[in-house]
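Step one of this worksheet: look at the structure below.
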Amino acid sequence: MLIGTSKRMKKHLEPLALAACITQTAHCRLDQVLLVFGLLYTEYQQLINEGDDSAGIKAILDSIESRWAKCDQEVFIAAVILNPIYKTAPFANLPILNLAGIYALLCRLCKRFYGTTPPATLRTELKDYIDN
């Protein structure tokens, strides 16, 4: 009984420990934070799918969803897309993440951060970037 309980606790705590290690480093980047959120959500959703429907798992998922809802989602999404290792690979195949949607996202962020429209070459450069 004790071994089963400790294994279950390990399955519950291990993803949180990994997330803490990644996000508390001095050089943690925005893209890493979003990928950690995704990892945590996937890990805990998988535990529920496997039949572990404890209140703790549900509380963790609710907390992840709540924190995601409160953050500046567009900045995190853009950070992942602008990481050449990932681009759009970590995301579901959503229409909003097509070339036009990504271009609109980057235009909004450019306007917000720099107070100006992006350079005229952004669309072409973005297409080249996304297409490798």
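The values are calculated or read from the model by the stated rules, or taken from the named source; none is laboratory data. Keep in mind that what you see is a predicted model, and the values were worked out from it rather than measured. Counting neighbours? That spans all protein chains shown, and the Cβs are built from the backbone with ideal geometry, glycine included. What goes into the accessible areas is simple: the full protein's heavy atoms, side chains included, and nothing from ligands, DNA or RNA. Shrake-Rupley method; radii C 1.70, N 1.55, O 1.52, S 1.80 Å.
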One residue is enough: does segment 42-54 have a residue meeting the conditions within 30 Å of residue 122 (Cβ to Cβ) and under 12 Å from the mean Cα position of the chain (by Cα)?
no
Restrict the check to segment 67-80 and report whether at least one residue is closer than 30 Å to residue 5 by Cβ and either out of contact with any strand residue (DSSP E or B) (no Cβ under 8 Å at 6 or more places or on another chain) or free of Cβ contacts under 8 Å to residues at least 60 places away in the same chain (or both).
yes
Take residues that are at pLDDT 90 or above and open to solvent by 60 Å² or more (accessible area, probe 1.4 Å) and tell me which of the helices (runs of 4 or more DSSP H) falling wholly in segment 4-94 contain 3 or more.
30-49, 55-70
Assuming residue 102 fulfils every condition listed in (1) loosely packed, with under 11 Cβ neighbours inside 10 Å; (2) outside any loop (DSSP other than H, G, I, E, B) apart from one, which condition is it?
(1)
Which numbered condition residue 125 fails, given (1) farther than 21 Å from residue 29 by Cα; (2) assigned to a loop (DSSP other than H, G, I, E, B):
(2)
Looking at segment 105-118 only, could you name the residues that are loosely packed, with under 10 Cβ neighbours inside 10 Å and assigned to a loop (DSSP other than H, G, I, E, B)?
115, 116
